[in-house]
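Just so it is clear, none of the values below were taken in a lab; they were calculated from the coordinates. This is a predicted model, so every value here is computed, not measured. Neighbour counts are summed over all protein chains in view; Cβ atoms, including those assigned to glycine, are modelled from backbone coordinates with ideal geometry.
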Amino acid sequence: MSTSARADWDPQHLPSQDGRSYLVTGANAGLGYFTCEHLARAGAHVIMSGRHPNRLAAAHDAIEARVPGASVETLLMDVANPGSIRAAAASVRGGLFDRTRLDGVVFNAGIVHTPRRRKVTRDGRELVFSTNALGHFVLGAELLVSLAKSSTSRWEPRMVWLGSMSTRMGAHVPTDVQLETTYSAWKAYVQSKVAVQALGFEADARLRDAGVPVRSVVAHPGYSIGGRTPHVAGVNEPSAWKRIRDGIQAPVAQSKQRGADTIVRALIDPEISSGEYWGPRLVTRGAAVRQRPSATSLDPEVRRRVWEKCEALSGMTWPFAKAARAAR
């Protein structure tokens with residue numbers, strides 16, 4: 001059953017975000033791009049990250065053209081590459097950007113159209129899990145102290161993990177996160193998203209246990225597709241055939257621009273608590289409302305195993321104690 005935290009929430013008239021800074025991964029297209037555009041319209045400073053310099057530049061230019069006075073800049077980062085993540089995070093921590101505070105991070109980057117055959121990253125990690133889940137686990141560890149430092153009596157910074165409605169379609173317990181035994185494109189995607197959601201809920205529990213004033217929220221965008229999304233030069237340019245094909249799915253689909261509404265609400269609505277799960281009202285489309293996630297991603301044992309597996313694969317632990325001290 002879904003419920004709305006605020007009946008008066010209007011995604012077309014967001015509360016002012018002047019003075020706040022947010023980082024969005026996978027910002028050069030789709031949900032990531034429109035999340036950045038919504039935030040920029042609300043007055044936030046937005047750090048748009050992505051791994052393709054030209055595509056990232058095109059997305060940056062598009063926001064500046066569509067949002068007069070937008071405060072945006074770009075950050076090269078490949079979330080499937082731990083070295084790239086660490087270098088990008090160091091740039092943020094080092095104050096190389098216009099703002100020194102960091103009020104939130106959206107873990108959006110990911111692979112939706114998964115490869116038919118198993119692929120691995122340079123460091124031998126299964127590509128889909130590494131991109132969708134493990135990379136964001138590393139980024140969260142790298143930026144946790146920066147987020148905690150930005151907390152105030154009126155605002156707790158947030159991390160928003162991008163889940164998926166596909167997690168409702170079967171258990172897909174992530175016991176073999178590397179998919180070394182059996183691999184399929186669908187399993188790779190769904191299992192990675194179960195892991196993402198499990199990480200988001202486990203992060204919430206560990207943040208609260210450590211007394212770190214940072215909120216962890218999980219959000220899913222429903223069924224958001226490019227053919228129902230406005231044309232944006234260099235960002236979303238679907239063919240006429242894709243427009244027709246996606247148009248047929250109108251009863252169950254929505255635009256990526258609308259899908260980003262849920263992500264943005266999870267990030268900035270002050271009444272949303274850590275550990276909540278948000279998605280479209282009709283599951284595949286509609287206004288953002290609070291929902292109940294799949295039992296698998298809520299399972300404490302699944303959450304613990306996924307977290308510990310990410311620690312083992314990345315060689316990193318989250319600096320909860322340091323973050324708690326930094327926030328005081």
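Looking at segment 103-114, is at least one residue in a strand (DSSP E or B), of a type outside the set (Asp, Glu) and over 20 Å from Ser273 (Cα atoms)? Explain how you work it out, then say what you get.
Here is the first cut: in segment 103-114, the residues in a strand (DSSP E or B) are 104-107.
Subset that is of a type outside the set (Asp, Glu): 104-107.
Okay, now just the ones that are also over 20 Å from Ser273 (Cα atoms), so none.
No, there is no match, as no residue in segment 103-114 is in a strand (DSSP E or B), of a type outside the set (Asp, Glu) and over 20 Å from Ser273 (Cα atoms).
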For Leu147, are the conditions met, namely being in contact with a Gly (Cβ under 9 Å, 6 or more places away or on another chain), within 23 Å of Ala89 (Cβ to Cβ), in a helix (DSSP H, G or I) and not polar (S, T, N, Q)?
-> yes
Could you check, for segment 64-77, whether at least one of its residues is small (Gly, Ala, Ser), closer than 18 Å to Gln17 by Cβ, surrounded by fewer than 24 Cβ atoms within 10 Å (Cβ to Cβ) and within 19 Å of the chain's Cα centre (by Cα)?
-> no
May I ask you to list the residues in segment 227-257 that are surrounded by fewer than 17 Cβ atoms within 10 Å (Cβ to Cβ), touching a residue at least 12 places away in the same chain (Cβ under 8 Å) and under 26 Å from Ser294 (Cβ atoms)?
-> Gln249, Val252
When you go through Ala90, Ala59, Ala44 one by one, which is the residue that is over 18 Å from Lys193 (Cα atoms), over 19 Å from the mean Cα position of the chain (by Cα) and of a type in the set (A, V, I, L, M, F, W, C)?
-> Ala90
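Would you list the helices (runs of 4 or more DSSP H) that sit entirely within segment 213-328 and hold 1 or more residues that are within 21 Å of the chain's Cα centre (by Cα)? Step through it out loud before you land on a result.
On the way: elements: 240-247, 256-268, 295-298, 300-314, 320-326.
Answer list for segment 213-328: 256-268, 295-298, 300-314, 320-326.
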Pairs returned, first residue in segment 163-180 that is without any contact (Cβ under 8 Å) to a residue 40 or more places away in the chain and over 17 Å from His220 (Cα atoms), second residue that is surrounded by 19 or more Cβ atoms within 10 Å (Cβ to Cβ) and of a type in the set (Val, Ile, Thr), beta-carbon separation under 6 angstrom, 6 or more apart or interchain, are none
